[in-house]
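Visitor: Below is one structure. I have some questions about it.
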Amino acid sequence: MKIWEDENFYIEKHDNQLPWLKLFTKTEYKELSQIPKEQKLKMYEILDTIELTMLEYYKADKINLASFGNMLPRVHWHIIARFKNDPYFPKTTWEKPVREFELELPSFEIFKNKLVQKL
């Protein structure tokens, strides 16, 4: 589900119970080094805004940032709010859960609205 976009980037919500967003470049750059410097600076500003908003709103214990591009060979970032009692912690969210999901998280819609206002 796309939640925000501008002329160079867009943000989608990843289908997971954790607060998990993905930031994509609209141009399908394969490598980070291919992105023009001005767009790269904007990309880092967006990542910073997402991280700070997740920390503030969800009171996350940690924010995970990941950019692999192996399965989807284009630049994109995963931004995931992590909690010490989330199903995967301390492992990555790509591994098998180590516990049941028992987190009570605040509304994603409110988070989304706060984030969009900041962007």
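What follows draws every value from the coordinates through simple rules; no lab data is involved. Keep in mind that this is a model prediction, so the values were computed, not measured. Cβ atoms come from the backbone with ideal geometry, glycine included; neighbour counts cover every protein chain shown.
Visitor: Once both labels are modelled 7 Å past Cα along the beta-carbon direction, what's the LEU55-LEU32 spacing in nm?
Guide: Output for this residue pair reads 1.9 nm.
Visitor: Using the crude model of +1 on Lys and Arg Cβ and -1 on Asp and Glu Cβ, and no other charge, please compute the dipole size for the stretch 1-61 relative to its Cα centre, in debye to 20.
Guide: On the way: 9 positive and 13 negative charges, 25 e Å.
About 120 debye.
Visitor: Relative to the longest principal axis of the chain, what angle (0 to 90°, nearest 10) does the C-alpha long axis of helix 37-58 take?
Guide: Compared with the principal axis, the helix lies near 20 degrees.
Visitor: Which of the GluC sites (Glu not before Pro) found in the stretch 1-96 are loop residues per DSSP with 13 or fewer other Cβ atoms within 10 Å of their Cβ?
Guide: Answer in residue order: GLU7, GLU28, GLU31, GLU95.
Visitor: What do you get for Rg/Rh over the stretch 53-119 if you use C-alpha atoms and the Kirkwood form of Rh? Walk me through the numbers on the way to the answer.
Guide: Details: Rg = 13.5 Å, Rh = 13.5 Å.
Using only Cα positions, Rg/Rh for the stretch 53-119 is 1.00.
Visitor: Right, another one. Please state the charge dipole magnitude for the chain, taken about the Cα centre, from unit charges on C-beta atoms (+1 on K and R, -1 on D and E), reported in debye and rounded to the nearest 20.
Guide: Numbers: 19 positive and 19 negative charges, 43 e Å.
The calculated dipole for the chain is roughly 200 debye.
Visitor: Counting helices only, and only those DSSP H runs with n ≥ 4, report the 222 nm mean residue ellipticity of the chain as the sum of -39,500 (n - 2.57) divided by its residues, in deg cm²/dmol to the nearest 500.
Guide: Working: 2 runs with 33 residues, N = 119.
Computed mean residue ellipticity for the chain: -9000 deg cm²/dmol.
Visitor: For the stretch 32-69, which chymotrypsin sites (Phe, Trp or Tyr not before Pro) are both in a DSSP coil and crowded by at most 13 other Cβ atoms within 10 Å?
Guide: On the way: sites: TYR44, TYR57, TYR58, PHE68; in loops: PHE68.
Hits after loop and neighbour filter: PHE68.
Visitor: Ok, one more. So which residue, out of ILE11, ILE50, ILE35, gets the largest mean-square fluctuation from a GNM of the chain using Cα contacts under 10 Å as springs?
Guide: Among ILE11, ILE50, ILE35, the largest GNM mean-square fluctuation belongs to ILE35.
Visitor: Karplus couplings for the stretch 98-113 from phi (6.51 cos²θ - 1.76 cosθ + 1.60, θ = phi - 60°), rounded to Hz, Gly and Pro as x?
Guide: Per-residue couplings from phi come out as 9, 7, 6, 7, 10, 7, 10, 9, x, 4, 5, 4, 5, 4, 4, 4 Hz.
Visitor: Then there's this: Dividing the Cα radius of gyration by the Kirkwood radius, what Rg/Rh value follows for the chain? Please list the in-between numbers first.
Guide: Details: Rg = 14.5 Å, Rh = 15.0 Å.
With Rh from the inverse mean 1/r over Cα pairs, Rg/Rh is 0.97.
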